[in-house]
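Report on the following structure.
The values are calculated or read from the model by the stated rules, or taken from the named source; none is laboratory data. Since this is a predicted model, take the numbers as computed values, not measurements. FYI the Cβ positions are ideal-geometry reconstructions off the backbone, even for glycines, and counts take in every protein chain you see. When the accessible area is computed, the model is the full protein with side chains, heavy atoms only, and any ligands, DNA or RNA have been set aside. Shrake-Rupley method; radii C 1.70, N 1.55, O 1.52, S 1.80 Å.
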Amino acid sequence: MTELDFVDLTFVNFRDHPFADGRAHGFRWVDLKSFRFPQGSRDSDLLAAVVAHAQFRDDYAGGGVDPGGTRHGPYWLRTVSPHDYQPVARAEAAQVLKEWANQQGGLPGSLEDALEATLFAVVNSASRLYRLRDLGRDAFHDWGGVHIDFHEFVAIDHDRQVLTLLVAADD
């Protein structure tokens, strides 16, 4: 199995930026987990490795990573497989993320800058992008409906040998 080495976590919280309407942040945030991988790795092996990684065991609801956990985002971990990630074009991924970010109107300039430097930099540098398909309510764990929006992508940058698991959601 391909080995991934966890490198870094970047977290962008919309609440950290001054919206004109104090509630327009919508409790949204972006979580980016970066991993290094060996040269020559195949995408299918990388997707399997990220799903198997301890950093993947995160409910994204404030508890953080639980290495023995059984949840991933809104889903039971056992319901998520590498085959649930579907190739997506860069333009489509960027559009989904921009629409999600701007759903309650314009963003403060500081947040736009933060998203460009983190989220969109990863999307734009990716060799390939994959999107986790909607697994449906049957895959939700016991309190899996807590997120109104949950968008997950895997960005693979073969030139830099970096895989980034990116989640854009709310709580």
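With a Cα-only, solvent-free Debye model of region 55-100, what are the log10 I(q)/I(0) values at q = 0.29 Å⁻¹? The calculated log intensity ratios at q = 0.29 Å⁻¹ are -0.93.
Taking each residue as 0.36 nm, the span from D113 to D171 lengthens on full extension beyond its C-alpha to C-alpha distance by 18.7 nm. Residues of region 83-97 with an amide N closer than 15 Å to a point placed 7 Å from the Cα of D149 along the Cα-to-Cβ direction: 93-97. Evaluated at q = 0.19, 0.22, 0.25, 0.26 Å⁻¹, the base-10 log of the normalised Debye intensity for region 1-58, with identical point scatterers placed on the Cα atoms, takes the values -0.72, -0.83, -0.97, -1.02. Need one number: the % of Cα-Cα pairs in the chain sitting beyond the 22 Å mark. That fraction is 42 percent. With protein chains left intact and a 1.4 Å probe, residues in the chain average 49 Å² of accessible area per residue. Simple point charges give the picture: +1 on the Cβ of Lys and Arg, -1 on the Cβ of Asp and Glu, and for region 1-124 a dipole about the Cα centre of about 220 debye. Taking region 81-117 and a reference point 7 angstrom along Cα→Cβ of D16, the backbone N atoms nearer than 16 Å belong to 108-117.
Per residue, the average separation of C-alpha pairs within less than 8 Å and at least 6 apart gives the chain a relative contact order of 28 percent.
Overall form of region 99-171: oblate. Here a/c, set by the Cα gyration tensor axes a ≥ b ≥ c, is 1.5 or more, and a/b is not larger than b/c.
Taking 0.36 nm per residue of sequence separation and subtracting the Cα-Cα distance, how much length would be gained by fully extending the chain between Q86 and V7, in nm to one decimal? Mind showing how you got there, number by number?
Working: separation 79, 0.36 × 79 = 28.44 nm, distance 2.42 nm.
Going from the current span to full extension adds 26.0 nm.
The rule of thumb for compact globular proteins, 2.2 N^0.38 Å, goes into the C-alpha radius of gyration of region 20-109 1.32 times.
Residues in region 10-26 carry Karplus couplings, in order, of 10, 10, 10, 9, 4, 5, 7, 10, x, 7, 4, 8, x, 9, 5, 5, x Hz; the curve used is 6.51 cos²θ - 1.76 cosθ + 1.60 with θ = phi - 60°, and Gly or Pro positions show x. Using alpha carbons only, how many degrees (0 to 90, rounded to 10) separate the axis of helix 43-52 from the longest principal axis of the chain? Once rounded, one gets 70 degrees.
For the chain, the longest principal axis of the Cα atoms and the long axis of helix 90-101 meet at an angle of about 40 degrees.
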